[in-house]
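Worksheet for the structure shown next.
The values are calculated or read from the model by the stated rules, or taken from the named source; none is laboratory data. Keep in mind it's a predicted model, so treat the numbers as computed, not measured. Backbone-built Cβ (ideal geometry, glycine too); neighbour counts: all protein chains shown.
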Amino acid sequence: MLRFISSVWGNFKEYLVLVLLLVIGFISLSLNQNPAIKKVRAIAFGSFAASTAIFSDIFNIAKVKGENDRLREINAELMLQVNKLREYGVVNENLRKQIGIKDTMKYPLIPALTVSKSFTIAQGTITLNAGSDRGVKPGMPVINEKGLVGIVYATSQDYSIARTLKNFELKLVVKNERSRVDGVLKWNGEDLVIVNVPKTYDIEPGDRIVSSELSSIVSLPIPIGIVVGLQNVQTGIFNSVKIKSYADFSRIENVFIVGVIESKQKNDLELNFFKRKL
């Protein structure tokens with residue numbers, strides 16, 4: 001022990017003496033009541049406090065910068081989680097609405113997801129991840145929580161393709177829910193219209209349009225859209241009725257395929273030329 005103390009004293013005696021003298025000096029300054037010494041003491045302690053504050057700020061800035069970087073990282077992670085939760089919320093709301101449809105309809109419904117979309121001026125189609133293995137057949141209606149989306153016209157083992165209402169090849173017999181008058185709905189490249197409607201027919205803007213029981217494809221009363229205006233009112237004996245569909249085709253994701261097909265005897269009439277090739 002004495003050897004260790006002797007070694008430390010031999011190697012660090014200058015530093016130890018300096019520290020001891022500084023301690024004695026600080027004690028003397030703190031105990032001396034001389035006005036001049038008091039002034040020096042105040043300046044010394046003030047300078048020491050200022051230096052300590054500066055170094056403390058420097059270390060705090062570095063610490064705060066590190067904390068800010070971490071907080072930004074946490075904010076980014078939370079943003080991604082919030083967006084994911086919002087997406088789950090939207091999907092959940094859509095699915096809840098669709099489940100509501102399933103509970104209120106007495107027809108078999110086959111759930112499907114839109115895996116691709118193709119919308120041109122004349123040909124609007126969607127591809128669904130449900131095919132013949134799940135009982136999907138050409139002619140089955142495709143719906144979402146808003147109303148009719150289209151009709152399946154081709155199937156494979158695992159997938160099916162449906163013509164949407166915005167497809168020149170698809171023509172449906174529809175009905176005014178209020179006045180009960182029928183007409184043929186088609187896509188003219190710009191709008192959904194009911195064509196060749198006699199001017200004597202009772203059709204007004206705001207009327208709901210549903211599929212008609214006279215249709216050779218969709219005889220179920222499925223909502224299609226609302227009347228937004230009449231065309232060719234001033235000329236001729238027929239009007240064209242412009243329809244705004246309930247389904248938003250740009251946002252179609254989760255759908256149901258209604259597992260019913262009209263009887264072959266009725267379909268043989270082909271009133272809407274459904275089986276025409278693209």
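Some points to look at:
- Residue check for L192: buried (at least 17 other Cβ atoms within 10 Å of the Cβ), of a type in the set (A, V, I, L, M, F, W, C) and within 20 Å of G259 (Cβ to Cβ): no
- Residue in region 122-134 that is farthest from A112 (Cα to Cα), counting only those that are assigned to a loop (DSSP other than H, G, I, E, B) and small (G, A, S): A122
Here's the yes/no breakdown for (1) modelled with pLDDT of 90 or more; (2) of a type in the set (D, E, K, R); (3) touching a helix residue (DSSP H, G or I) at 6+ places or on another chain (Cβ under 9 Å):
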position: V184; (1), (2), (3): yes, no, no
position: G225; (1), (2), (3): yes, no, no
position: N232; (1), (2), (3): no, no, no
position: F256; (1), (2), (3): yes, no, yes
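- Every pair of residues 6+ apart whose Cβ atoms lie under 7 Å, when the first sits in region 179-198 and is without any contact (Cβ under 8 Å) to a residue 40 or more places away in the chain while the second is basic (K, R) and assigned to a loop (DSSP other than H, G, I, E, B): K186/K171
- Restricting the first member to region 112-140 and to residues that are aromatic (F, W, Y), and the second to residues that are part of a strand (DSSP E or B), the beta-carbon pairs closer than 9 Å and six or more apart or on different chains are F119/T125; F119/I126; F119/T164.
- Matching residues, region 195-207, being at pLDDT 85 or above, surrounded by 11 or more Cβ atoms within 10 Å (Cβ to Cβ) and either charged (D, E, K, R) or in contact with a Ser or Thr (Cβ under 9 Å, 6 or more places away or on another chain) (or both): V195, N196, V197, Y201, I203, E204, D207
- Every residue from region 208-250 that is within 18 Å of V142 (Cα to Cα), among the small types (G, A, S) and surrounded by 15 or more Cβ atoms within 10 Å (Cβ to Cβ): S211, S212, S215, S216, S219, G225, S245, A247
- The residues in region 177-223 that are more than 36 Å from the chain's Cα centre (by Cα), acidic (D, E) and outside any strand (DSSP E or B) can be counted, and the count is 1.
- Residue in region 135-142 that is modelled with pLDDT of 90 or more, exposed (fewer than 14 other Cβ atoms within 10 Å of the Cβ) and assigned to a loop (DSSP other than H, G, I, E, B) present: yes
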